[in-house]
Amino acid sequence: MSSNLNITGSNITAPTPQNTPLNQAPIALGLSRPTVPDITEDNEQDDGDGADVDLGAVQNQMIGMVHGRLAELVGKSSGYIESLPVEVKLNIEGLKGIQVKQNELQNQYKRECLELEKKYLGLQKPLYDRRHAIISGTAQPTREELDNGEKYSKEDEEYTPLPKDVTPSSEGIPHFWLTALRNHIALSELITDRDVDALKHLVDVQLAYLDDKSGKPGFKILFIFSANDFFENDVLEKTYLYQEEVGYSGDFVYDRAIGSEIRWKEDKDLTKEFEIKKQRNKNTNRTRLVRKAKPTESFFNFFTPPIPPSEEAIENGDFEDDELEEIEEKLELDYQIGEDIKEKIIPRAVDFFTGKALEYEGLDDDEDDEFEDLDDEDDDGQFDDDVSESDNDVPVRRRGPPKGRGGAPANPSNVNPEECKQQ
């Protein structure tokens with residue numbers, strides 16, 4: 001493709017200087033590869049005599065071709081920068097030098113923001129300890145805590161006040177963290193029925209930031225368990241590491257995750273499924289039963305995170321494009337779940353336990369964007385009208401207030417969440 005583009009138009013004062021990517025993917029640079037839309041055979045028109053010309057299909061083909069050409073331009077020079085005089089190029093180099101200083105300040109800002117998060121996590125520790133005491137039953141809520149809780153609950157129009165002459169239970173709140181985790185959409189898909197009995201022993205989930213002396217910045221999530229029949233560990237940890245320098249977007253870039261090695265008790269490994277197979281000896285014709293294990297879905301696979309491929313392996317072509325895409329999806333999901341536990345579940349555990357947090361998750365917003373309004377005449381006769389609305393149907397999740405109007409209260413556990421959120 002020529003580097004010189006013909007540009008027409010009397011009002012144009014300068015050509016497009018440079019076509020560059022907006023930003024690089026924050027996870028495992030090099031995994032994402034741009035693709036050029038193809039015009040498939042399904043979109044081709046029948047050239048036979050008498051065939052009607054589908055203008056809509058032709059238009060779609062033209063749009064696909066334009067998008068394809070635009071995709072080819074991404075990251076390629078238009079030739080404008082190269083055509084500038086050396087004196088102007090020196091000015092550009094000076095701007096790049098200024099950008100270096102800006103990058104250094106942004107990196108310093110993110111580091112200080114991380115230190116501020118650490119400070120407020122320390123201030124919150126007594127509150128988290130108090131929460132754990134009530135959940136475990138070692139303490140009961142005070143009158144002040146109950147009154148504040150009632151004020152918080154009154155934000156829900158369906159709230160029914162509780163009697164004040166009843167003493168809070170000394171047994172705490174059973175299965176608190178199991179319920180809270182299952183009310184998070186992504187985690188609920190990871191937790192299988194086989195995991196439930198083990199997660200009933202989850203008594204606390206804690207957050208800790210890594211010490212700067214350890215090298216790369218990051219955080220650690222600790223899952224505290226009581227004695228159980230499944231594994232020996234009292235604590236299972238998941239550590240998320242960031243790269244030392246912030247990325248192009250100005251945020252910390254995810255580097256990798258490290259999980260605890262689970263010391264499973266005999267025949268209790270929930271990440272494996274055992275099956276009995278009968279084998280026959282080819283020579284003696286004798287048969288035997290063999291017990292084999294195979295990997296299976298489990299929440300506890302969370303502690304065996306996906307490993308990003310090395311740059312060398314990518315350059316050598318050790319992975320197919322579809323394999324890289326699958327790895328990247330797994331990395332993104334693992335990282336997002338870790339961030340959600342850190343930013344949402346731990347600070348607002350009671351809201352996830354009660355389900356209140358789901359009102360503010362915007363679960364349906366992305367799905368709504370995939371649909372467009374149809375003309376009134378298109379709706380007639382296209383759908384059956386016998387949809388049941390009985391009490392036996394799955395209830396529709398109650399939506400929260402529109403964004404920007406009565407949304408979730410500001411999270412006191414986070415410091416400037418929009419600015420300080422670590423990507």
Scattering profile of the range 159-254 at q = 0.11, 0.14 Å⁻¹ [log10 I(q)/I(0), Debye over alpha-carbon scatterers]: -0.53, -0.76
Distance between modelled label sites at residue 211 and residue 263, nm, 7 Å Cα→Cβ extension: 2.3 nm
Label-point separation, residue 104 to residue 160 (7 Å along Cα→Cβ), nm: 6.5 nm
Reduced Cα scattering model of the range 291-360, Debye log10 I(q)/I(0), q = 0.12, 0.18 Å⁻¹: -0.53, -0.86
Kirkwood-based shape ratio for the range 177-335, expressed as Rg/Rh from alpha carbons: 1.07
Fraction in percent of alpha-carbon pairs per bin - 10 Å, the range 243-353: 10, 25, 29, 20, 11, 4, 1
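Residue 322 to residue 192: extension gain in nm, 0.36 nm per residue of separation minus the Cα-Cα distance? Mind dumping the intermediate values first?
On the way: separation 130, 0.36 × 130 = 46.80 nm, distance 2.71 nm.
Answer, rounded to one decimal: 44.1 nm.
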C-alpha center-to-center spacing [the range 260-297, the range 81-115] in angstrom: 58 Å
Out-of-range pairs (alpha-carbon distance over 30 Å; input 110/220; 110/151; 292/342; 272/330; 119/216; 96/119): 110/151; 292/342; 96/119
Gain upon complete extension [residue 333, residue 310; 0.36 nm per residue less C-alpha separation]: 6.4 nm
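Read-outs throughout are calculated quantities, based only on the coordinates presented, and are distinct from any laboratory measurement. Small disclaimer: the values here were computed from a predicted structure and weren't measured. Cβ: placed from backbone, ideal geometry, glycine included. Neighbour counts: every protein chain shown.
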